[in-house]
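Enquirer: Shown below is the structure under consideration.
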Amino acid sequence: MRLAASLITISSIMLVCASVHALERFAGIEDGSDANLKAVCKDYMVNSYLKNDPELFFHLLPKSMVSRTERLEKKWYEGHLKRFGSEPLSKYDIFEMEDEFRDSFYKGHAIKSISIKYKAGIMKRYKGSSCSFEQFEDKRWYFAQKP
């Protein structure tokens, strides 16, 4: 009986700890340095997009997207299945990222974009895309365009 109670307590603590470490949705990131945005893009592509885990994606979305959450969640899984197939993936067959960002402005907001190429799963050819980040009035960086 004590063992069961201990296991339940430990499980509860683990769940609470896991939820504390979850990323806040629609929060963006503060550090807009090229090195950090490049690392965030790579982390997104490898640990979120490829592995079908939308947590980082929703963290990087601007608050204006809150009303579209349900639709975005549905499209996330449909899009992953269509692009990569149903098999779980852990690495890309091809993954290349440019060295330099392209800087621009849109409606007074700074934009930084970096081109990427990738291929994995059932894809027959590589796909070219980019990670684009936009700095909003709160000085945080959000996805301007997801790859």
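Enquirer: Could you work out the helix-only [θ] at 222 nm for the chain, with each DSSP H run of four or more residues adding -39,500 (n - 2.57) and the total divided by the number of residues, to the nearest 500 deg cm²/dmol?
Expert: Calculated at 222 nm, the ellipticity per residue is -11000 deg cm²/dmol.
Enquirer: Projecting each Cα onto the charge dipole of the chain (Lys/Arg +1, Asp/Glu -1 at the beta carbon, about the Cα centre), which of Y118, F143, M97 comes out farthest on the positive side?
Expert: About the Cα centre, the residue reaching furthest to the positive side is Y118.
Enquirer: Tally Lys and Arg at +1 and Asp and Glu at -1 over the other residues with C-beta under 10 Å from the C-beta of E30: what net charge comes out?
Expert: 0
Enquirer: Taking a ≥ b ≥ c as the square roots of the Cα gyration tensor eigenvalues, with a/c under 1.5 meaning rounded and otherwise prolate when a/b beats b/c, else oblate, which class fits the range 105-147?
Expert: The shape class here is prolate.
Enquirer: Under 12 Å from the Cβ of G108, count the other residues' Cβ atoms, weight Lys and Arg +1, Asp and Glu -1, and hand me the total.
Expert: -1
Enquirer: Any idea what the dipole of the chain comes to, in debye rounded to 20, about its Cα centre with Lys/Arg Cβ at +1 and Asp/Glu Cβ at -1? Before the final figure, lay out each step's value.
Expert: Details: 24 positive and 20 negative charges, 128 e Å.
Charge dipole of the chain: 620 debye, to the nearest 20.
Enquirer: For the range 67-147, what is the convex hull (Cα atoms) projected area averaged across all directions, in square nanometres?
Expert: Directional mean of the projected Cα hull area for the range 67-147 stands at 6.9 nm².
Enquirer: Would you mind telling me the share, in percent, of accessible area of the chain contributed by carbon and sulfur at probe 1.4 angstrom?
Expert: Numbers: 5390 of 9690 Å².
Using a 1.4 Å probe with all protein chains present, the chain comes out at 56 percent carbon and sulfur.
Enquirer: Relative to the first principal axis of the alpha-carbon coordinates of the chain, what is the inclination of helix 69-84, with its axis defined by its Cα atoms, in degrees from 0 to 90 and to the nearest 10?
Expert: 80 degrees
Enquirer: Moving on. Hey, if you put +1 on the Cβ of every Lys and Arg and -1 on every Asp and Glu Cβ in the chain, which of G85, Y106, L56 ends up farthest toward the positive end of that dipole?
Expert: The residue sitting farthest along the positive end of the dipole is G85.
Enquirer: Going 7 Å from the Cα of I94 in the Cα-to-Cβ direction, what parts of the range 111-140 have a backbone nitrogen less than 14 Å from that spot?
Expert: Counting only backbone N, you get 116-129.
Enquirer: Got the relative contact order for the chain handy, in percent, Cα pairs under 8 Å and 6 or more residues apart?
Expert: Numbers: 203 pairs, mean separation 32.0, N = 147.
Relative contact order comes out at 22 percent.
Enquirer: Under a plain spin-label model, where a point goes 7 Å from the Cα along Cα-to-Cβ, how far apart in nm are D103 and T69?
Expert: If labels sit at D103 and T69, their model points lie 3.5 nm apart.
The values are calculated or read from the model by the stated rules, or taken from the named source; none is laboratory data. For clarity, every value in this text was computed on a predicted model and none was experimentally measured. Every residue, glycine as well, gets a Cβ built from its backbone with ideal geometry; the counts of neighbours run over all protein chains shown. These area figures cover heavy atoms from the full protein model, side chains too; ligands, DNA and RNA do not enter into them. Shrake-Rupley method; radii C 1.70, N 1.55, O 1.52, S 1.80 Å.
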